[in-house]
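Following: one structure in structure tokens, then a few remarks.
No value in this document is a laboratory result; all are computed from the given coordinates. All values derive from a computational prediction rather than experimental measurement.
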Amino acid sequence: MDIAESRRNFLKLAGLGGVVFASRLAGWADAADQVAHPGSAYDDFYFVQMSDVHWGFEGPPNPDAKGTLPKAVAAVNSLERQPDFIVFTGDLTHTTDDPRERRKRMAEFRDIVSELRVQSVHFMPGEHDASLDRGKAFQEFFGPTHYTFDHKGVHFIVLDNVSDPAALIGDAQLEWLAADLGQLPRDAKIVVLTHRPLFDLYPQWDWATRDGAKAVDLLLPHPNVTVFYGHIHQEHHHMTGRIAHHAAKSLMFPLPAPGSQPKRTPLAWDPAQPYRGLGFREVEAEVKSAEYALTEFPVKRG
């Protein structure tokens, strides 16, 4: 599928927010590299990232709160070429103090996304899913809160920086990360998926991981690392050394730019511009220079 075709397909995602199209992340082999190194295990592929669904939320910031996720599922199912897999980077559900209601929302979310045509779907929690019970309910429905998987020569690491209510990854998980990285060659192609940013974006709004710098330090010796995360409900790009961090937009409501207003409250719904602040992006990577060409598409009235 060429770039023009991929853009046409993703332009069909009207009403869909918080989606990332990723093709040829930094360090992946391109066609020329395949010719130079026949038999390479690094094949191009793409995946879809959805983030901050907040199933169970109701309120003025999104009058279509119950319709956005089903629309997203239908839009992804309509793609002519299905992604290799889909990742949900946290806040699958909106927080509630009622354990029974929490599980009800998770069950509803699970049933809706079960309609996805793509069978390979990876989940991770957000603080709305896990911080009140340290991920107990999440694990009942979706399995471990941190894990790894490999796909076509790329090593994916899912980190949990939300189950600890203090916004910590924790020593045990950091040791697990170090052990996992220790088994990889230095030039391994690595993608980290997490909910909160690993760096201090704006700690006053809980947009940070208290021990995230320790994880970054473990990752820095590897030259081919990219991080995708959610939590902040907006597009954002940041570099820690040579590690690029990219935030995804939300499927529920946008949040203001860091520190742009006194409180971290959702941006108001604008009937003249419905779905303003929700969207998706296409990510094309220049492999040899390890630079990204990002194309952002706004959500349109559908």
message = Please give the Cα centre distance for region 80-116 versus region 222-254, rounded to the nearest Å.
response = 21
ask   = Based only on Cα atoms, what Rg/Rh ratio does region 144-189 have, Rh being taken as Kirkwood's radius?
value = 1.01
